[in-house]
Ligand SMILES: Cc1cc2nc3c(=O)[nH]c(=O)nc-3n(C[C@H](O)[C@H](O)[C@H](O)COP(=O)(O)O)c2cc1C
């Protein structure tokens, strides 16, 4: 399949695996790239810029296809040395970066100078247009369904993808709530030229997470995610478990809760431990209602082949019905 997204990324398929903290390691990214999509390493999963350099080399040894690096820029009590991560990416010869979290403005000059194509992931049309003006090469737009940080506007993908397609001129990638061929077909029909998935890729053979967590994704349904940090205007979508349910309960109590009082529950390290040990209630597990479409744990190659075939047949069925109706 050929779109402006495949042309930009140099991939066979217009399917991107979005940055995923603790999951976006070489095993994951190389498997997606080898299957024809774009795999993405997550920079901040690595403890230092030097460790990212090693991880990029490890990924390169596992695939000769293009892959990217996600740089998630969030205000934090202990900010990471973003400029140094960017330097490593530029020096390592990686040609695609997914930025997210905040405006990529300050990091664009060194990336552009190194010939890196930048996909900026955001959650609103206005931020997409700002990034387009700044000179990014593609927009990945996350609907309210997305795992991770879906923003504060609460606009679902159906509207957001269509609204973005009306205004954004550079290639548009739809993200959030996409997990099978039918949802990919919908995104293409709405004007996107590619899709980005997170949750679906967590339930694949190559995802570097414990079998129990993958099985929990298979077992979960569309009502099994929670929105936490709403009261802090830093909304995050995660799987429903003891920790996320507790956080929602504390946020909803009279007077709410201060972040300091839940920090111990929601730390990134606890989330990482849950993914590694398979203890579902050990920490936050990021996931979207795409779990409703997850019935098995295929390889990335099987998954992408199936999604492409189902996408084509979904579009074909709609066309057949359309033609039959109007004669
Ligand atoms: C386990 C997990 C971790 C994630 N971590 C990040 C991250 O560190 N940075 C980021 O930009 N997005 C992150 N995301 C969001 C994904 O890149 C993607 O935008 C989102 O999952 C799309 O929605 P979907 O899960 O419905 O496919 C994460 C998603 C998951 C499932």
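Please treat every number below as a calculation from the coordinates, not as lab data. Not measured: the values here are computed from a predicted model. Using ideal geometry, Cβ is built from the backbone for each residue, glycine included, and neighbour counts are taken over all protein chains shown.
Note down the Stokes-Einstein diffusion coefficient of segment 39-93 in µm²/s, whole number, using a Kirkwood radius over alpha carbon pairs, 37 °C, and 0.692 mPa s.
Translational D for this selection: 284 µm²/s.
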Rounded to the nearest 0.05, what FRET efficiency is calculated for residue 215 and residue 264 with R0 set to 30 Å and r the Cβ-Cβ distance? 0.65
Compute a Gaussian network model of the chain, connecting alpha carbons closer than 10 Å, and tell me which residue from 96, 159, 178 fluctuates the most. 159
Just to compare against my own numbers: the Cα pair-distance distribution for segment 12-148, 5 Å bins, whole % per bin, please. 2, 11, 22, 25, 22, 14, 5, 1, 0
Stick to Cα atoms and the Kirkwood definition of Rh, then tell me Rg/Rh for segment 162-261. 1.06
So the compactness index of segment 225-271, its C-alpha Rg divided by 2.2 N^0.38 Å, takes the value 1.03
State the three equivalent ellipsoid semi-axes of the chain, derived from the C-alpha gyration tensor as the square roots of 5 times its eigenvalues, in descending order and whole Å. 28, 25, 21
Can you grab the distance from the C-alpha centre of segment 71-132 to the C-alpha centre of segment 2-40, Å, no decimals? 17
Considering the chain as a Gaussian network with a 10 Å cut-off on Cα pairs, which listed residue, 273, 137, 261, attains the greatest mean-square fluctuation? 261
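What does the highest-first list of 54-65, 116-127 look like by mean Cβ count within 10 Å? Before the final figure, lay out each step's value.
On the way: 54-65: 16.5, 116-127: 21.8.
Top to bottom by mean Cβ count within 10 Å: 116-127, 54-65.
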In whole Å, largest first, the alpha carbons of segment 211-289 cover along the principal axes 38, 26, 17
Contact order normalised by length for segment 153-308, with contacts defined as Cα pairs under 8 Å and 6 or more residues apart; what percent is it? 28
